[in-house]
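Read the structure below first, then the notes.
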Amino acid sequence: QVQLVESGGGLVQPGGSLKLSCAASRNIIGIYIMGWYRQAPGKQRELVADITNGGITNYVDFVKGRFTISRENGKNMVYLQMSSLKPEDTAVYYCQLRIGKTDYWGQGTQVTVSS
């Protein structure tokens with residue numbers, strides 16, 4: 001079992017920045033993917049970005065050039081640096097870990113972009 005804990009959400013003005021963090025409860029070894037998803041009210045959860053154990057990153061089009069996913073293996077951490085935030089980025093952001101066919105999820109952190 002792995003527990004994931006997100007932090008770093010909050011209220012930010014349009015055009016501002018936030019950095020989300022996700023801490024895994026234990027060292028993750030082998031082949032895995034860690035990702036950030038988000039879910040806005042009334043909408044389905046959607047992928048934002050993910051990163052493999054080999055460091056290969058993937059971004060959905062609506063965040064390319066604005067968000068950066070990164071990891072810190074020795075600390076079992078994954079980050080999402082978000083810049084140029086827009087009101088439509090408002091959502092609960094979830095950290096996800098996929099090992100084989102098993103998915104682990106964090107509890108989510110709220111990001112609100114509003115003036």
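Residue-wise test of (1) farther than 20 Å from Leu11 by Cα; (2) touching a helix residue (DSSP H, G or I) at 6+ places or on another chain (Cβ under 8 Å); (3) not small (Gly, Ala, Ser).
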site	(1), (2), (3)
Val60	yes, no, yes
Ser70	yes, no, no
Lys75	yes, no, yes
Val78	yes, no, yes
Ala91	no, no, no
Cys95	no, no, yes
Arg98	yes, no, yes
Thr102	yes, no, yes
Val111	no, yes, yes
* **The listed residue being surrounded by 14 or more Cβ atoms within 10 Å (Cβ to Cβ) and part of a strand (DSSP E or B), out of Gln110, Gln81** => Gln81
* Structure fact -> Within region 47-70, residues touching a residue at least 12 places away in the same chain (Cβ under 8 Å), of a type in the set (D, E, K, R) and either in a loop (DSSP other than H, G, I, E, B) or open to solvent by 70 Å² or more (accessible area, probe 1.4 Å) (or both) come out as Arg66
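Give region 85-101 a look and list any residue that's open to solvent by 10 Å² or more (accessible area, probe 1.4 Å), in a strand (DSSP E or B) and under 20 Å from Gly42 (Cβ atoms), or say none. Can you show your working first?
Residues of region 85-101 open to solvent by 10 Å² or more (accessible area, probe 1.4 Å): 86-88, 90, 92, 94, 98-101.
Checking which are in a strand (DSSP E or B) leaves us with 92, 94, 98-99.
Of everything in region 85-101, those that are open to solvent by 10 Å² or more (accessible area, probe 1.4 Å), in a strand (DSSP E or B) and under 20 Å from Gly42 (Cβ atoms) turn out to be Val92, Tyr94.
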* Asked: In region 10-36, which residue that is of a type in the set (S, T, N, Q) and under 14 Å from Val113 (Cβ atoms) is least open to solvent (accessible area, probe 1.4 Å)?
  -> Ser17
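The values are calculated or read from the model by the stated rules, or taken from the named source; none is laboratory data. Values in this document were obtained by computation on a predicted structure and should not be read as measured data. For neighbour counting, all protein chains shown are included, and Cβ atoms are generated from backbone atoms with ideal geometry for every residue, glycine included. Keep in mind that these areas ignore ligands, DNA and RNA; they rest on the heavy atoms of the full protein, side chains included. Shrake-Rupley method; radii C 1.70, N 1.55, O 1.52, S 1.80 Å.
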